[in-house]
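The values are calculated or read from the model by the stated rules, or taken from the named source; none is laboratory data. In this text the structure is predicted, and so the values were computed from the model without any measurement. Cβ placement follows ideal geometry from the backbone for every residue including glycine, while neighbour counts extend to all protein chains displayed.
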Amino acid sequence: MNIYNKPYTYLIGWSHLNKFYYGVRYAQDCHPSDFWNKYFTSSKYVAECREEHGEPDIVQIRKTFDLREQARAWETKVLTRMKVAHREDFLNRRCSGMGGYLMTDEHRANQSKRMSALWKGKKKTPEHIEKVAASKRGKHMSTESKAKMSNSLKEHYKHNPSPFKGKSHSAETLAKVSQGCKNQRRVQCPHCPKTGIAGNMNRWHFDNCKSLKVL
């Protein structure tokens with residue numbers, strides 16, 4: 001075993017600022033002895049904090065591993081368990097084990113605004129809509145996928161409660177919603193006499209119609 005190839009996870013922090021960063025190091029020939037000697041993390045947020053506030057007073061090696069996969073998996077486990085994506089006291093914005101970014105509410109709001117501006121005034125062509133619809137027809141989620149989605153939504157709404165919770169709509173708003181539903185295009189299933197709003201019909205009828213299962 002190469003003693004100079006020892007992946008590890010680490011924690012740094014500025015206790016007086018209540019700012020921390022948890023990361024992983026698994027590069028070739030890496031070793032805990034390099035930490036905060038030759039290696040100072042690859043995070044630009046850590047670099048910015050060092051430049052503005054000086055060196056951290058907390059510099060710790062948390063765990064060492066024999067394999068890089070073990071180190072990455074452990075980092076993912078810790079960041080997920082600590083719910084870093086919803087915490088302002090951590091500088092983490094990316095998790096290598098997850099292969100994606102951990103976004104704060106501020107980042108999500110900014111991304112939503114950028115996407116909204118990008119698609120403003122643009123309409124999807126009928127061909128594009130049909131391609132998306134065709135790619136989803138006949139597909140069903142597994143029980144495991146449904147459970148994961150359910151847990152994900154529960155966790156999301158736990159930290160991001162609905163702004164409408166506890167509020168009620170005015171009679172005018174309810175009337176507008178009702179009228180909007182009445183104006184929606186209604187279609188009939190080709191396999192049974194049922195008619196309804198296009199969205200609901202596509203979900204429960206057409207290729208998913210129960211009458212097809214009887215045949």
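Every residue in region 166-213 that is over 27 Å from Met141 (Cβ atoms), of a type in the set (S, T, N, Q) and in a helix (DSSP H, G or I), please.
Across region 166-213, the qualifying residues are Thr173, Ser178, Gln179.
So for region 147-162 (the condition being out of contact with any Pro (no Cβ under 9 Å at 6 or more places or on another chain), charged (D, E, K, R) and closer than 24 Å to His205 by Cα), does at least one residue qualify? Quick ask: steps written out before the conclusion?
Keep residues of region 147-162 that are out of contact with any Pro (no Cβ under 9 Å at 6 or more places or on another chain), which gives 147-162.
Filter again for charged (D, E, K, R), leaving 148, 154-155, 158.
Filter once more, keeping what is closer than 24 Å to His205 by Cα: none.
So far as region 147-162 goes, no, none of its residues is out of contact with any Pro (no Cβ under 9 Å at 6 or more places or on another chain), charged (D, E, K, R) and closer than 24 Å to His205 by Cα.
Only residues in region 149-168 that are outside the structural domain of Val84 (by TED's automatic domain parsing) and touching a residue at least 60 places away in the same chain (Cβ under 8 Å) count as the first member; pair them with residues that are surrounded by 10 or more Cβ atoms within 10 Å (Cβ to Cβ) and in a helix (DSSP H, G or I), Cβ under 8 angstrom, at least 6 apart or cross-chain, and list the lot.
That search, which allows pairs on different chains as well, returns His159/His86.
Glu51 fails exactly one of the following numbered conditions: (1) farther than 27 Å from Lys83 by Cβ; (2) of a type outside the set (Lys, Arg); (3) buried (at least 17 other Cβ atoms within 10 Å of the Cβ). What is the number of that condition?
That leaves (3) as the condition not met.
Against the definition (in the same structural domain as Ile12 (by TED's automatic domain parsing), free of Cβ contacts under 8 Å to residues at least 40 places away in the same chain, under 30 Å from Asn151 (Cα atoms) and in contact with a Phe, Trp or Tyr (Cβ under 9 Å, 6 or more places away or on another chain)), how does Glu69 come out, yes or no?
Values: in the same structural domain as Ile12 (by TED's automatic domain parsing): yes; free of Cβ contacts under 8 Å to residues at least 40 places away in the same chain: yes; under 30 Å from Asn151 (Cα atoms): yes; in contact with a Phe, Trp or Tyr (Cβ under 9 Å, 6 or more places away or on another chain): yes.
Yes, satisfied.
I need a count of the residues in region 190-205 that are over 32 Å from the mean Cα position of the chain (by Cα) and either touching a residue at least 24 places away in the same chain (Cβ under 8 Å) or farther than 21 Å from Ser135 by Cβ (or both).
Going residue by residue through region 190-205, those that are over 32 Å from the mean Cα position of the chain (by Cα) are 190-196.
Of the ones still in play, those that are also either touching a residue at least 24 places away in the same chain (Cβ under 8 Å) or farther than 21 Å from Ser135 by Cβ (or both) are 191-196.
Residues that pass the stated criteria total 6.
What number of residues within region 30-57 satisfy the criterion of being of a type in the set (Phe, Trp, Tyr) and not in a loop (DSSP other than H, G, I, E, B)?
At the first step, the residues of region 30-57 found to be of a type in the set (Phe, Trp, Tyr) are 35-36, 39-40, 45.
Add one more test, that the residue is not in a loop (DSSP other than H, G, I, E, B), and what stays is 35, 39, 45.
Count: 3.
Taking Ser33 as the residue in question, decide whether it is free of Cβ contacts under 8 Å to residues at least 12 places away in the same chain and hydroxyl-bearing (Ser, Thr, Tyr).
Details: free of Cβ contacts under 8 Å to residues at least 12 places away in the same chain: yes; hydroxyl-bearing (Ser, Thr, Tyr): yes.
Criteria met by Ser33.
Residues in region 13-22 that are out of contact with any Phe, Trp or Tyr (no Cβ under 6 Å at 6 or more places or on another chain) and surrounded by 12 or more Cβ atoms within 10 Å (Cβ to Cβ): how many? Let's see the steps before the verdict.
Initially, region 13-22 is screened for residues out of contact with any Phe, Trp or Tyr (no Cβ under 6 Å at 6 or more places or on another chain), giving 14-19, 21-22.
Keeping just the survivors that are surrounded by 12 or more Cβ atoms within 10 Å (Cβ to Cβ) gives 14, 17, 19, 21-22.
Qualifying residue count, region 13-22: 5.
What residue, among those in region 57-75 that are surrounded by 13 or more Cβ atoms within 10 Å (Cβ to Cβ) and among the charged types (D, E, K, R), is nearest to Leu17 (Cα to Cα)?
Top of the filtered list is Arg62.
Look at Ala133 and say whether it is surrounded by 10 or more Cβ atoms within 10 Å (Cβ to Cβ), of a type in the set (A, V, I, L, M) and touching a residue at least 60 places away in the same chain (Cβ under 8 Å). It would help to see each step written out before you state the result.
On the way: surrounded by 10 or more Cβ atoms within 10 Å (Cβ to Cβ): yes; of a type in the set (A, V, I, L, M): yes; touching a residue at least 60 places away in the same chain (Cβ under 8 Å): yes.
Considered against the rule, which asks whether it is surrounded by 10 or more Cβ atoms within 10 Å (Cβ to Cβ), of a type in the set (A, V, I, L, M) and touching a residue at least 60 places away in the same chain (Cβ under 8 Å), Ala133 comes out as yes.
With the requirement that a residue be surrounded by 10 or more Cβ atoms within 10 Å (Cβ to Cβ), of a type outside the set (Val, Ile, Thr) and farther than 30 Å from Lys83 by Cα, what does region 139-177 give you?
Listed by number, the residues that qualify are His169, Leu174, Ala175, Lys176.
Restricting the search to region 99-150, which residues are at pLDDT 75 or above, of a type in the set (A, V, I, L, M, F, W, C) and farther than 30 Å from Ala71 by Cα?
Hits for region 99-150 are Ile129, Val132, Ala133, Ala134, Met141.
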